[in-house]
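Beneath this line is the structure, given in structure tokens, with notes to follow.
Computed from the coordinates by the stated procedures, all read-outs in this text should not be read as laboratory data. Remember, it's a predicted structure, so these values are computed and weren't measured experimentally. So basically every Cβ, Gly included, is an ideal-geometry build from the backbone, and we count neighbours across all protein chains shown.
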Amino acid sequence: MVIAVPDQLRPRGSVTSAPPRRAASVRRTVTMDFTWPDGLRGDTVLDGRARDLRTNDDGGTTVLAAASLGLVSDNRRVIRRISSTPLLPGRQALVGESAMSGFRRRLSEVSAAATAAGTPLYQLLDDVPGATLVSGAAWQRWYDMDRYLEIKADVSHRVMTDVCTGYQHGSSALNPDGTLRWHQGRQPAVDIDAVDDDLAWHQHAAPAGVAMRRARRIDVWLDGPVIHVDAFFQDSSTLPEGGRQSIHEYTLTAAADLGTGTLRTVTPVPRVLPYDECPLATRNVAALAGLPLSELRGAVLARLRGPLGCTHLNDMLRALAAVPALAAQLRLRGLRGAYRAGWPQSSRGLQSPVVACLSVRTPPGITGARHPAAGSAPRPALRHAGRLGNASGPRPRPAVREFAPARCGRRQRQDRLRRRARTLARHERPIRGCA
């Protein structure tokens, strides 16, 4: 049986890793470099690094967050040591556990991991199983294939039918018994540092000898009520003759609703993949449209499992769950334009602009007062002149006045501000996600 692959889905070749940074955008870059100081049968050493960089309207930059992850696993992929910056309390509970099977479930049991969701550190941790899975492919060009398959006998004899789209029943990747043929497509990789911008990527490891790297980039910017995403994903390894080969590579564009945080469109483009049938997985990603970005980590695994998905494309799609956190770093800079473009306000996803501003900037005349029902519990209280009885001094202008819709008068804007402040006081909850 031959599985037809449309010409428009065939891989298009390795590409430059990063376009010029846009003004008023946030870029997340992640690298995970694997080495084997004692050879293939020895420990696997992971050096992971990540950074969130905001490019401001004037072209200046701000490092919003950075993280690193060090992990050592033995030849059975059992974690021996783990370290991170920033520190993740409870991470030592992962020592002695597999870096692959069940890792994400055990990570979810680390209480501090939930608060780290959306951060560069969490992306590094979440990527451990997928990156570890593919890391051993770095050795294929450094060994005679027969010798390599002898060493990896546990993998070479494993039945892989329907594990993913590339291994679906009837795939050219499989022998009749479901084991792998090991005839994989490889292409020279465009190195991620082959760009003119010194800030395009963070400072990452550059090990010599046998090494595997997973590299990611996610660019996020706002256009009125739309979040735009441009992303890059590459698994590559070093070659004995020098340079690198690309094993898996995708680019992706996506758009999401700023008010509700739901995914509108997502378009992955295969660049380099090992088997002819692998690109067919891109036809199934439409199943994610309309879902909240924040739920993609679980939804991708549920909707694109087995022969419906590519393991590596799924890892790329799951990382879009961090897009709301990255977009939140741009919100305050884009409020005026977003309002005029009709930014929808919703109780889901990102908070409305006026409420968000109250959480980071207190207008003149707003002070902490005692909540009458809670004794010492603080609540914000408006004390503007006029009806609220602040007779001393001139009537102050609310600091968030310029973010109100232009068609409203001053009295309407002040009334809206008072209502929102009273709502904040009544619920007494923190507003999260502001830059």
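See the values below:
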{"item": "Long-range amide H partners of N56 with built H, under 5 Å", "result": "A24, T61, T62"}
{"item": "Segment S172-E295, length gained on full extension (0.36 nm per residue, minus Cα span)", "result": "40.9 nm"}
{"item": "Full-stretch length increase - L239, R305 - with 0.36 nm per residue and alpha-carbon distance subtracted", "result": "20.6 nm"}
{"item": "Approximate spin-label separation R41-A206, in nm, with each point projected 7 Å along Cα-to-Cβ", "result": "3.4"}
{"item": "Pairs of alpha carbons in segment 7-328 whose separation is greater than 38 Å (percent)", "result": "10"}
{"item": "Charge tally in the Cβ shell below 11 Å around D43, where Lys, Arg are +1 and Asp, Glu are -1, D43 excluded", "result": "+3"}
{"item": "Packing-based exposure ordering (other Cβ within 10 Å, fewest first) of W182, W139", "result": "W182, W139"}
{"item": "Rounded, prolate or oblate (a/c below 1.5 giving rounded, otherwise prolate when a/b exceeds b/c) for segment 230-295 by Cα gyration tensor", "result": "prolate"}
{"item": "Per-residue ³J(HN,Hα) for segment 91-96, Karplus 6.51 cos²θ - 1.76 cosθ + 1.60, θ = phi - 60°, Hz, x for Gly and Pro", "result": "5, 5, 5, 7, 5, x"}
{"item": "Total formal charge among the other residues, if their Cβ is under 12 angstrom from that of A287, Lys/Arg +1 and Asp/Glu -1", "result": "+3"}
{"item": "Two-site label geometry, R105 and D7: point separation in nm, points 7 Å out along Cα→Cβ", "result": "4.7"}
{"item": "Loop-resident sites, segment 1-94, for trypsin sites (Lys or Arg not before Pro), counting at most 12 other Cβ within 10 Å (DSSP)", "result": "R41, R76"}
{"item": "Per-residue ³J(HN,Hα) for segment 73-86, Karplus 6.51 cos²θ - 1.76 cosθ + 1.60, θ = phi - 60°, Hz, x for Gly and Pro", "result": "10, 7, 6, 9, 6, 8, 6, 9, 9, 8, 9, 8, 9, x"}
{"item": "Net length gained if the chain between D144 and V159 were fully extended (0.36 nm per residue, minus Cα distance)", "result": "3.1 nm"}
{"item": "Order of E109, E241, E295, E277 under a 10 Å beta carbon neighbour criterion, fewest first", "result": "E241, E109, E295, E277"}
{"item": "Inter-label distance, nm, simple model (7 Å from Cα along the C-beta direction), A287/V78", "result": "3.5"}
{"item": "Environment charge of L320, counting only residues whose C-beta is closer than 13 Å and scoring Lys/Arg +1, Asp/Glu -1", "result": "+1"}
{"item": "Ranked R158, R213, criterion: other C-beta atoms within 10 Å, fewest first", "result": "R158, R213"}
